1. Of the residues that sit in region 135-172 and are acidic (Asp, Glu) and in a helix (DSSP H, G or I), which one is farthest from the chain's Cα centre (by Cα)?
2. Which residues, counting only those in region 265-289, are in contact (Cβ under 8 Å) with a residue 60 or more places away in the chain, under 30 Å from Glu123 (Cβ atoms) and open to solvent by 20 Å² or more (accessible area, probe 1.4 Å)?
3. What are the pairs with Cβ atoms under 8 angstrom where one residue, in region 402-427, is under 13 Å from His445 (Cα atoms) and the other, located anywhere, is open to solvent by 80 Å² or more (accessible area, probe 1.4 Å)? Sequence gap at least six, or different chains.
4. Inside region 414-446, can you point out the residues that are among the basic types (Lys, Arg) and over 18 Å from Met40 (Cα atoms)?
5. Tell me which residues, restricted to region 183-203, are open to solvent by 20 Å² or more (accessible area, probe 1.4 Å) and under 18 Å from Leu405 (Cβ atoms).
6. Which condition does Leu348 not pass, out of (1) under 30 Å from Pro420 (Cα atoms); (2) crowded, with 20+ Cβ neighbours inside 10 Å, if it passes all the others?
7. Condition first: in a helix (DSSP H, G or I) and surrounded by 16 or more Cβ atoms within 10 Å (Cβ to Cβ). Now tell me which residues in region 204-227 satisfy that.
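The values are calculated or read from the model by the stated rules, or taken from the named source; none is laboratory data. None of these values were measured; they are calculated from a predicted model. Positions of Cβ are generated from backbone atoms using ideal geometry, with glycine treated the same way; all protein chains shown enter the neighbour counts. What goes into the accessible areas is simple: the full protein's heavy atoms, side chains included, and nothing from ligands, DNA or RNA. Shrake-Rupley method; radii C 1.70, N 1.55, O 1.52, S 1.80 Å.
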Amino acid sequence: MVTTETGAVRVSARDAARIAAVVVAPTLAAGVIVRRRGGMALAERYAADRRAIGLLGELRRRYGPGPLRADVAGRHFALVLRADDAVRVLEGTPDPYSPATREKRAALEQFQPHGVLISRGAERAGRRALNESVLETGNQLHSLAPGLVRTVREETGQLLRTVASGPGELAWDDFAAAWDRTVRRVVLGDGARDDTALTAMLGRLRAAANWSVAAPRRTGLRERFEQRLRAHVGRAEAGSLAAALAATPAAPGLDPAGQVPHWLFAFDAAGIAAFRALALLATHTAQDAQVRNEVAVTDLTEPHLMPYTRACVLESVRLWPTTPFLLREAVRDTDWGGGTLPAGTEFLVYAPLFHRDGVLPYADRFAPEIWLDGTAQDTAGLFPFSAGPGACPGEDLVLFLTSSLLAALVERHAYLPDRPGRLRPDRPLPRTLDHFGLRFAVLPHR
């Protein structure tokens with residue numbers, strides 16, 4: 001263990017290499033901007049997150065609570081190991097800890113060069129306010145909720161009819177296609193429902209973004225994508241987020257339409273969370289019964305908050321964060337432990353370390369109740385949608401849509417997973433779950 005002149009704890013070269021190999025590399029292989037099917041399968045097979053959490057726990061015992069500093073290729077990195085320090089970094093957004101890190105800018109510029117996540121200064125403040133206004137941050141029931149519920153139910157109904165007329169089985173590809181249709185209608189309106197080319201273009205740009213600074217700019221593809229997207233946004237179809245965006249005043253230079261790619265991108269992670277939540281309900285009888293009881297007393301044709309179903313989605317993201325690494329870059333020198341970390345230091349917050357910390361009695365089990373009884377709110381280090389001023393501005397909208405989706409799925413159907421053993425409630429849940437590999441037999445439910 002070496003204490004640097006700045007007062008931070010520098011890891012040995014050997015341990016820095018271990019962090020790169022055991023923590024960073026598997027996350028990159030699984031895909032940061034868009035998930036890779038092969039990478040996710042390998043991550044689950046080799047228990048990548050369990051190994052990563054184990055290594056970080058070992059380093060925390062050996063080096064202390066950190067943050068741990070590693071200098072790579074002339075750049076400064078600080079790996080956060082303590083929940084309170086993670087909260088400090090996230091609450092300190094955007095100054096002194098900016099979310100617009102070098103790697104994130106290089107990745108997201110592929111398809112959203114003016115997105116709020118990679119903006120700084122006055123532009124970030126304006127774009128953040130614009131996003132919060134349209135997405136109605138802090139409002140659990142969006143003003144567009146009646147139309148959104150109809151969209152979710154229509155697309156879910158079509159999905160279930162397709163499953164019933166086919167092999168009677170629900171797999172990721174069919175689920176994802178239905179979710180993509182839902183998202184296009186929610187964001188851009190019914191006129192974009194069948195524009196699979198738009199989603200495919202975004203997928204290719206996101207695949208390039210997975211390589212961050214190593215990927216060449218796909219300028220031509222991005223221009224074609226933007227032209228197609230802006231045509232949809234320009235229609236501002238009534239009842240869509242695009243219409244809400246058009247009705248929201250924006251200062252010059254904020255590029256309102258340039259915020260929309262991130263909404264499409266973020267909703268992809270929401271679909272993953274919902275599909276995993278369905279898998280949890282399919283294997284946890286008690287929680288499934290509570291969701292079904294909530295659904296039974298709710299008029300699902302109208303927008304309603306369903307607290308328990310909502311909590312099940314939050315638990316899905318706690319158990320398997322859709323954004324494993326939360327990154328922040330110091331815009332100025334910051335004091336840590338009596339020393340100073342220089343401006344430009346990139347702070348790495350590995351969410352699974354805190355969400356699945358062995359000191360939490362519910363770390364490896366499905367516990368939706370923690371989001372209802374105050375436990376999660378009183379526990380530092382649980383941030384399924386990030387935290388602080390940089391938290392996801394669409395959290396409430398995402399949770400409303402995904403809980404409405406789950407309700408529509410379980411209202412009249414039951415789901416039997418093909419491999420129920422890996423999610424048995426009497427065993428610790430795996431710390432990596434490959435959503436591509438989930439598959440359910442779908443049966444009528446009385």
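1. Here the residue is Glu154.
2. Residues satisfying the conditions are Phe265, Ala266, Asp268.
3. Every condition considered, the pairs that remain are Arg412/Pro444; His413/Pro444; Ala414/Pro444.
4. If the condition is that a residue be among the basic types (Lys, Arg) and over 18 Å from Met40 (Cα atoms), then Arg424, Arg427, Arg446 are the ones that fit.
5. Arg185, Asp190, Arg193, Thr199 - these are the residues of region 183-203 that are open to solvent by 20 Å² or more (accessible area, probe 1.4 Å) and under 18 Å from Leu405 (Cβ atoms).
6. It is condition (1) that Leu348 fails.
7. Correct list: Arg204, Leu205, Arg206, Ala207, Ala208, Ala209, Ser212, Leu221, Arg222, Phe225, Glu226.
One line per residue, one yes/no per condition, for (1) more than 26 Å from Asp357 (Cα to Cα); (2) in a helix (DSSP H, G or I):
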residue: Asp71; (1), (2): yes, no
residue: Phe77; (1), (2): no, no
residue: Val89; (1), (2): no, yes
residue: Ala100; (1), (2): yes, no
residue: Ala107; (1), (2): yes, yes
residue: Gln110; (1), (2): yes, no
residue: Pro113; (1), (2): yes, no
